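Working notes, structure below.
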Amino acid sequence: MRKFVYMPDEQPLEAQLLSHAAEIRISQQLDEVEKIDIDVQTDLLKIVQGKAEAVSVTGQGLVIQEDIRVQEIKLQTDNISISPFSALLGQIKLDEPVNAVARIILTESDINHILQTDFIRDFTENLQLDIDGETLSLDLQETQVLLPEDSKIELKGRLLIKERENTQPLAYTVRISPRFDSKTLMVESFNCIEGEGISLEFITALLKKVKKLLKIRHLKWEDMTISIKDIKAEKNSLKLLVEAYVKQIPSSSDILYP
């Protein structure tokens, strides 16, 4: 696992100017930002060559496209190769892929707001469930995440079970906790609040589906591959450690609508 590298306060003037220009540029692309600090470790010769030793980003209260809010993020890249002309304009465009590691904090409110985005709704529409050779469609109507205490995650929701001409509602609560290594989420309990005639076979198949979704650790957005390396649930917040392989830095619209 990569470690964050100490970034010295003393920077060459050109690096300070480039860092400041990048802060302004990214702030303009965000809908809201409480605080953002960008440090580009480079000098004039490296800028001309299109090189930078590293880039670190620290931000608080970042909002993208009014839908995605991040309470706090700390990101660090390794050596990067950038377009010299775009760098002088405060725009970081990659000439070669770059590796990055980031620590992200999402509040309970942040997570629930993200769950209402079109991207999440599109992802969770018409999920398929196979039971004894018969395929059922699941349409998630509502989902709420609760972080009541350390190491505990609760999901409350309502879905529609579509079987041929029949549609049946089901309300549920799921209690999840990270395993000891914090890399895997484990279902502790599953309770049906609403839904008559739900078979044991259906509940078993649904739990398998939930467990499969919880095992997803790699996400792809345009030219970026993200791997979740660590998950820590605390009261009212979720902390993630992720690694990213970035072929090109996406715009805010790319992140929301991959």
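The values are calculated or read from the model by the stated rules, or taken from the named source; none is laboratory data. Quick caveat: nothing in here was measured; it's all calculated off a predicted structure. Positions of Cβ are generated from backbone atoms using ideal geometry, with glycine treated the same way; all protein chains shown enter the neighbour counts. Heavy atoms of the whole protein, side chains included, go into the accessibility calculation; ligands, DNA and RNA do not. Shrake-Rupley method; radii C 1.70, N 1.55, O 1.52, S 1.80 Å.
For D110, work out the one condition from (1) closer than 24 Å to I228 by Cβ; (2) modelled with pLDDT under 90; (3) in contact with a strand residue (DSSP E or B) (Cβ under 6 Å, 6 or more places away or on another chain); (4) acidic (D, E) it doesn't fulfil.
Exception for D110: condition (2).
Going through the stretch 103-137 one residue at a time, which ones are in contact (Cβ under 8 Å) with a residue 60 or more places away in the chain and within 28 Å of T204 (Cβ to Cβ)?
I111, L127, L129, D130, I131, D132, L136
Considering only residues that are open to solvent by less than 60 Å² (accessible area, probe 1.4 Å), touching a helix residue (DSSP H, G or I) at 6+ places or on another chain (Cβ under 9 Å) and under 27 Å from L240 (Cα atoms), look in the stretch 156-191 and name the one that is modelled with the lowest pLDDT.
Selected residue: T184.
For the stretch 120-150: of the residues being farther than 21 Å from E163 by Cα and assigned to a strand (DSSP E or B), which is least open to solvent (accessible area, probe 1.4 Å)?
V145
How many residues are at pLDDT 85 or above and open to solvent by less than 40 Å² (accessible area, probe 1.4 Å) when one looks only at the stretch 55-71?
Matching residues across the stretch 55-71 total 8.
Output the number of the condition that L160 fails; it satisfies all remaining conditions of (1) farther than 30 Å from L94 by Cβ; (2) under 17 Å from the mean Cα position of the chain (by Cα).
With (1) farther than 30 Å from L94 by Cβ; (2) under 17 Å from the mean Cα position of the chain (by Cα) applied to L160, the lone miss is (2).
Checking the conditions here, which among K220, K247 is at pLDDT 80 or above and open to solvent by 50 Å² or more (accessible area, probe 1.4 Å)?
So the residue among K220, K247 that is at pLDDT 80 or above and open to solvent by 50 Å² or more (accessible area, probe 1.4 Å) is K247.
Go through (1) at pLDDT 90 or above; (2) in contact with a helix residue (DSSP H, G or I) (Cβ under 8 Å, 6 or more places away or on another chain) for I104 and report which single condition fails.
Single failed check for I104: (2).
So I255 ticks every box in (1) outside any helix (DSSP H, G or I); (2) modelled with pLDDT under 75; (3) open to solvent by less than 60 Å² (accessible area, probe 1.4 Å); (4) not charged (D, E, K, R) but one. Which box is left unticked?
(1) is the only condition that I255 fails.
Which one is surrounded by the most Cβ atoms within 10 Å (Cβ to Cβ), of the residues in the stretch 100-119 that are touching a Ser or Thr at 6+ places or on another chain (Cβ under 6 Å) and within 30 Å of I82 (Cβ to Cβ)?
So, considering only residues that are touching a Ser or Thr at 6+ places or on another chain (Cβ under 6 Å) and within 30 Å of I82 (Cβ to Cβ), the one surrounded by the most Cβ atoms within 10 Å (Cβ to Cβ) is A100.
Would it be correct to say that P97 is modelled with pLDDT of 85 or more and either open to solvent by 40 Å² or more (accessible area, probe 1.4 Å) or under 23 Å from M224 (Cα atoms) (or both)?
yes
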